[in-house]
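First comes the structure, then the notes that go with it.
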Amino acid sequence: MMEAPQHLPQADALLVEQTKVQDYLLNLSHKEGGPKAKFFLNRGFRLDAWELMAQALRQHGMTQPVTETSETRFGRKFTVECQILTPDGRNPCILTAWIVEGKRPPRLVTAHPNS
């Protein structure tokens, strides 16, 4: 019997930090974040409106299924996959990683195209 898709715990309190969005996911000059920034900027997200992307990532974490979980030295890691609502309306499938430290709500670690 197949289980219903799992969702993130405390989904109503997901943490998406401003620095994670501005300095990493939308920063073209970041060594690791640059290619991700190109992807997200090409879908209508903007550095000067980072809150819009943070909200889209929270919505993604609240509505899309968890596809993988693992224990790490930082806490329990959750991978969430598929559609994110983007300003250009293309709404691609992405992968996000979230970490749960103790009893804190999930915190966004990264996001990238699901390739």
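Given the structure, is Thr72 out of contact with any Ser or Thr (no Cβ under 8 Å at 6 or more places or on another chain), of a type in the set (Val, Ile, Thr), more than 21 Å from Pro113 (Cβ to Cβ) and free of Cβ contacts under 8 Å to residues at least 60 places away in the same chain?
Values: out of contact with any Ser or Thr (no Cβ under 8 Å at 6 or more places or on another chain): yes; of a type in the set (Val, Ile, Thr): yes; more than 21 Å from Pro113 (Cβ to Cβ): yes; free of Cβ contacts under 8 Å to residues at least 60 places away in the same chain: yes.
Against the criterion (out of contact with any Ser or Thr (no Cβ under 8 Å at 6 or more places or on another chain), of a type in the set (Val, Ile, Thr), more than 21 Å from Pro113 (Cβ to Cβ) and free of Cβ contacts under 8 Å to residues at least 60 places away in the same chain), Thr72 qualifies.
Got at least one residue in the range 21-29 being hydroxyl-bearing (Ser, Thr, Tyr) and either under 12 Å from Ala111 (Cβ atoms) or assigned to a strand (DSSP E or B) (or both)? Spell out how you get there, then give the answer.
Pass one, the range 21-29, residues hydroxyl-bearing (Ser, Thr, Tyr): 24, 29.
Pick out the ones that are also either under 12 Å from Ala111 (Cβ atoms) or assigned to a strand (DSSP E or B) (or both) and you get 24.
Taking every residue of the range 21-29 in turn, at least one turns out to be hydroxyl-bearing (Ser, Thr, Tyr) and either under 12 Å from Ala111 (Cβ atoms) or assigned to a strand (DSSP E or B) (or both).
Condition check ((1) surrounded by 14 or more Cβ atoms within 10 Å (Cβ to Cβ); (2) closer than 15 Å to Gln10 by Cβ) across all residues:
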| position | (1), (2) |
| --- | --- |
| Leu41 | yes, no |
| Val66 | yes, yes |
| Gly75 | yes, yes |
| Glu101 | no, yes |
| Ala111 | yes, no |
Residue pairs meeting the criteria (Cβ under 7 Å; at least 6 apart or on separate chains; first under 13 Å from His7 (Cβ atoms), in the range 51-67; second part of a helix (DSSP H, G or I)): Gly61/Ala11; Met62/Ala11
Residue ranges of strands (runs of 3 or more DSSP E) in the range 44-100 with at least 2 members within 16 Å of Lys20 (Cβ to Cβ) and within 15 Å of the chain's Cα centre (by Cα): 75-83, 93-100
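Laboratory data are not the source of any read-out in this text; all were calculated from the coordinates shown. Since the structure is predicted, the reported quantities are computational estimates derived from the model, not experimental observations. Cβ coordinates were reconstructed from backbone atoms using ideal geometry, including for glycine residues, and neighbour counts include every protein chain displayed.
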